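Novice: I have a structure here, written as structure tokens, and I will follow up with some questions on it.
Laboratory data are not the source of any read-out in this text; all were calculated from the coordinates shown. Small disclaimer: the values here were computed from a predicted structure and weren't measured. Backbone-built Cβ (ideal geometry, glycine too); neighbour counts: all protein chains shown.
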Amino acid sequence: MMFVVSEEEAAAIRAALDQGGEFAAAIELRRLFPGIGDNAQARQYAKAIAGWKPLKLPPRPPVQLRKIPKSHPRRGP
């Protein structure tokens with residue numbers, strides 16, 4: 001089975017695991033993804049997802065704006 005988990009969903013699963021244990025995390029996962037019907041499989045998925053670290057992306061480079069010359073044909077009046 002393949003599914004996409006957002007960072008918000010992963011955080012909810014982590015919180016359920018921290019507060020209520022594996023079973024609570026499995027229930028949260030099944031609430032978010034109703035197609036998962038097996039509790040044992042849901043526990044495995046929840047434990048794997050809870051172990052993920054949030055991505056820390058490098059900062060984006062600043063946008064460099066260019067000035068359009070007054071004589072440019074696309075420049076408005």
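Novice: The chain: Rg/Rh from Cα coordinates, Kirkwood Rh?
Specialist: With Rh from the inverse mean 1/r over Cα pairs, Rg/Rh is 1.46.
Novice: Let me ask another. Name the chymotrypsin sites (Phe, Trp or Tyr not before Pro) in segment 12-53 that are in a loop by DSSP and that have at most 15 other C-beta atoms within 10 Å, would you?
Specialist: 52
Novice: Can you tell me the Rg and Dmax of segment 7-50, counting just the alpha carbons, in angstroms?
Specialist: Expressed in Å, the Cα Rg and Dmax of segment 7-50 come to 8.7, 24.
Novice: Once fully extended, how much extra length lies between residue 3 and residue 48, figured as 0.36 nm per residue of separation less the alpha-carbon to alpha-carbon distance?
Specialist: Difference between extended and current length: 14.9 nm.
Novice: Multiply the residue gap between residue 56 and residue 31 by 0.36 nm, knock off their C-alpha separation, and tell me the result in nm, one decimal place.
Specialist: Net length gain for the segment: 6.3 nm.
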